Structure formats: C-alpha cells, structure tokens
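What follows draws every value from the coordinates through simple rules; no lab data is involved. Keep in mind the model is a prediction, meaning the values are calculated, not measured. Because the Cβ atoms are built from the backbone with ideal geometry, glycine has one as well, and the counts that use them run over all protein chains shown.
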Amino acid sequence: MRYLNELKKARWLSSFLFLIALFLVTGMVNPDFLTYSNIITCFNGSVVFALLAIGIAFVIMTGEIDVSIGAVMGLTATMAGQIAKRNGNILEMLVFAVLVGMLVGAMNGIGVSLFRVPSLIFTLGVNGALRGLIYIVSGGKTTENFAGAFTKIGNQVLFAEVTIYLAIIVVIIVVIHLLLTKTKKGKYFIAVGDNSNGAMLVGISVMKTKMLAYVICGIFAGLAGVVFASKYGQVNIVAGTGYEMSAIAACVLGGISLSGGLGNILGAAFGAVIMSSVSRMLVFIHLPSNFNNTLTGVMLLIIVVADALVQRHAVESARRKRLLSRTAALDAKVGGTLK
C-alpha cells in the first residue's frame, strides 16, 4: 500500500500516462501506428532528446535554465563529423564532446552561480557565441560525407529492434535515477532548487551544486551531438536549433518544475519520448510536417501554464495549512487559558 501511494504521488507518472494516451489516440486514428516496430522506433528516435533532457534536468532542478544546449550539441556534432571525415575513431569524438561540454558548462556555471547573471541571459549569450563558432568550425557548410563505421553504430540493432544507443540511454537513466534518489549528494540538486537558503544552512554549497549541474548539462549536450552525427550522417550549420526548447518542454512535461525543487530523471525521459514522437504521430494522423513546430510550441505553452498553476495551487495550499495550524494552536491556547 505504501508503494502504491508513493506511485500515485510520482510526478513522472503523469508523463508516462500522457505518452500512453498519445499513442492510443494516434492508434485510434490510424491502427497501423500501434505496432511493436513503430512504437520501438519512437523510443529509438528519442535518444538525442533524452540526452539533452537528462542534462538540462539537473539545471532545472536547481531552479536555473540553460538555452545553450542546442548550440553545444550542434558544435560537438559538427566536430564529430569533421573527425569522422578524417577517419578518426569514436573515442576521440567522445573525448572532444565531453571536454567541450565541460568547458561550456563550467562557463555557464561560473556566470550564473558566481557572477549572479540571470541564467536565461547568460546562456543565451553563450548560445550566440557557440552558433558563431559552428560557422567557423564547419566553414559555413554542411558537414557530410562521413559514412562508415561511425554512422553504422547509430542505427545498429542490439536486440528486438532496440538500438545500441537506446540500450545505453536506458542504463544511464536507471543509474542517474538511483543516484539522485538514493544518495545524499544526489539529493542536493532538489534541495538547492527547493530552498537555496535552507540548503546553505544545512551545509550544502549552492554555488558548487549549480556549477556541477551546468557541467553535467554541458557533458550530456556534447554527447547528444556525437549521437546526432552518428544517427543522421550529416550535420548542417543550424543543427540543434530549437532543441533546447524541446528538452525543456520534455522536462516540464515529465514533472520537473521550472521553479526547481521538484521532479526526477524518469519524467524527463518519458517527456523526451513524447517530444520526439510528435512528428511521427503527425504522419500517421495524416497531418503535414508543417504542423510540427506549431504543435510543439502549443504543447510547451500548455505545459508551462499548467506547471505555473500547479505551483500556485501548491503554494496556496501550503499557506492555508500553515494558517489553519496556527489558528488551531491559538484556539487551543486560548481555551486552556480560559479553563
């Protein structure tokens, strides 16, 4: 019974149920959608969004935001393509991706946590700088013609139509979920986002926690770039544009509050599957792909408004409970005095 009550309170559960509902509605319109092959394709296609969502989830949990992850992904994807063109190995790509991600993440962390620049403004500036750097690295051209072992990995099936990347992502999600929910330091991210002043009082370094969150976010964005290049076999100069909004929407859809302090990685993962499956669903319900951005934008607006309303309701509910508690205590005190 205790586990059932905990499951009912899990914020990620709503995103899981929403995912099932979307699949069922699409299947009602077009029964061809509800096949194992098609559904597993939706999950296989979510790996890039999942990596971005996992990374930015750490930042959002601390109450901050990062809109530079799309540019980080685009830059590392371009670098991976350039390395592949000269027959470099995937280990070299991963090392560069992690280093770039760590560098950008550390830069964002310093700007936001040390210099106290609003996270939206600072990461937006970093996004612009990285977009310019992509033009320099790519020479202003699409990076292509790097087919080979690198691109084969991106679509290699491990078992039952599950790709290697999807299997790795599932393992990563499970490990991170356990670290965030079962370890003391893993709970710091939620604690900082929930009440930074309270976190400092119990000895948690808010600055270090936020900096670590940005570094982790940058690393995952960098890895997403390598996976993107491997899956699609070419990288244009605007690769990753708008991906940051989809990743943020995936997190919020998965129950991670934009104000911080609530949510977990499981919700972000399910949200990523939803956001990456929208375009595929549109095909099966016979709507043109032109609706993709519109539908994603509408979903983002609905999610953000719903999150704000839920947060407002939670604050009002907590305030009423405190007021009732104080009133009851005062009545008891007055009653005891009269006796």
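Annotations for the structure displayed:
- Using C-alpha pairs under 8 Å with a sequence gap of at least 6, the mean separation divided by the residue count of region 169-259 gives a relative contact order of 15 percent.
- All C-alpha pair distances within region 36-176, sorted into 10 Å bins from zero, spread as 10, 34, 35, 18, 2, 0 percent across the bins.
- Each residue, F115 and S325, gets one label point 7 Å from its Cα in the Cβ direction; the gap between the two is 4.1 nm.
- Region 130-241: C-alpha pair distances exceeding 20 Å, %: 59
- Dividing the convex hull volume of the alpha-carbon atoms in region 188-317 by its residue count gives 130 Å³ per residue.
- Here the translational diffusion coefficient of region 163-222 follows from Stokes-Einstein with Rh set to the Kirkwood radius across Cα pairs; for 4 °C and 1.567 mPa s it amounts to 102 µm²/s.
- Placing unit charges on each Cβ (+1 for Lys and Arg, -1 for Asp and Glu) gives the chain a dipole about its Cα centre, and among Y188, I134, S277 the Cα reaching farthest toward its positive end belongs to Y188.
- The longest part of the chain holding none of the exposed loop GluC sites (Glu not before Pro), meaning those outside H, G, I, E and B in DSSP with at most 16 other Cβ atoms within 10 Å, is 162-339.
- Inter-label distance, nm, simple model (7 Å from Cα along the C-beta direction), L309/L103: 4.6
- Whole-number D in µm²/s for the chain (Stokes-Einstein; Kirkwood sum over Cα pairs; 10 °C, 1.306 mPa s): 75
- Förster radius 35 Å - calculated FRET efficiency between T142 and L13, Cβ distance, rounded to 0.05: 0.25
- Note, ³J(HN,Hα) from phi for region 153-160, Karplus 6.51, -1.76, 1.60, rounded to Hz, x at Gly and Pro: 4, x, 10, 6, 8, 8, 6, 6
- On full extension, the segment bounded by L178 and H286 gains 34.8 nm, given 0.36 nm per residue less the C-alpha separation.
- Over the chain: helical MRE at 222 nm, DSSP H runs n ≥ 4 each giving -39500 (n - 2.57), nearest 500: -25000 deg cm²/dmol
- Under the criterion of Cα pairs below 8 Å and six or more residues apart, the relative contact order for the chain equals 33 percent.
- Binned Cα-Cα distances of region 35-81, short to long, each 5 Å bin given as a whole percent: 5, 18, 20, 19, 16, 12, 8, 2
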